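The values are calculated or read from the model by the stated rules, or taken from the named source; none is laboratory data. Only a predicted model underlies this, so the values are computations on that prediction, with no experimental measurement involved. A quick note on method: Cβ atoms are made from the backbone with ideal geometry, for glycine too, and the neighbour counts reach across all protein chains shown.
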Amino acid sequence: MAKQINETGYRVVVEPKLLEAFWYRGILGDKGAAQRLKDLRSLADQIADQIKRHVDGVGNIEVEAETEAVCSHCGSGWTEESAVYNGGCCAEDEGSNPAYVARACGEAI
Ligand SMILES: [Zn+2]
């Protein structure tokens, strides 16, 4: 037995990349990352509305967020299986190191 991937359905994925390309080229000015995300969300909502109005055969359409896991302290990409310790990406994260926490608890007793 080996793992096998079967296709079980299809959907159309629409990505509003053009505006993102404009940002990279500086055409829309220098905006902060938070404002760029708001603009991108707004554009995605507009595209979804336009698809609802103009495209036949659409059963459902929704805007999904792309996500990434990062350290809440320093913003580094999350690389570990643990939900509380990211391998020591920063001093605050190192404070959650299970080995360190176990030692600290042992000393306290
Ligand atoms: Zn960190």
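Structure data summary
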{"read-out": "Residues located in segment 56-77, provided they are within 16 Å of the ligand (Cβ to nearest atom) and not acidic (D, E)", "value": "A69, V70, C71, S72, H73, C74, G75, S76, G77"}
{"read-out": "Selection status of E92, in a loop (DSSP other than H, G, I, E, B) and either modelled with pLDDT under 95 or surrounded by 10 or more Cβ atoms within 10 Å (Cβ to Cβ) (or both)", "value": "no"}
{"read-out": "Flag if I61 is surrounded by 13 or more Cβ atoms within 10 Å (Cβ to Cβ), assigned to a loop (DSSP other than H, G, I, E, B), without any contact (Cβ under 8 Å) to a residue 40 or more places away in the chain and assigned by TED's automatic domain parsing to the domain that holds P16", "value": "yes"}
{"read-out": "Any hit, segment 74-89, residues being of a type outside the set (F, W, Y) and under 30 Å from Y10 (Cα atoms)", "value": "no"}
{"read-out": "Unmet requirement for R53, which otherwise passes all of (1) under 16 Å from the mean Cα position of the chain (by Cα); (2) modelled with pLDDT of 85 or more; (3) assigned to a helix (DSSP H, G or I)", "value": "(1)"}
{"read-out": "Only listed residue being more than 16 Å from the ligand (Cβ to nearest atom) and not assigned by TED's automatic domain parsing to the domain that holds G9, chosen from A91, A102", "value": "A102"}
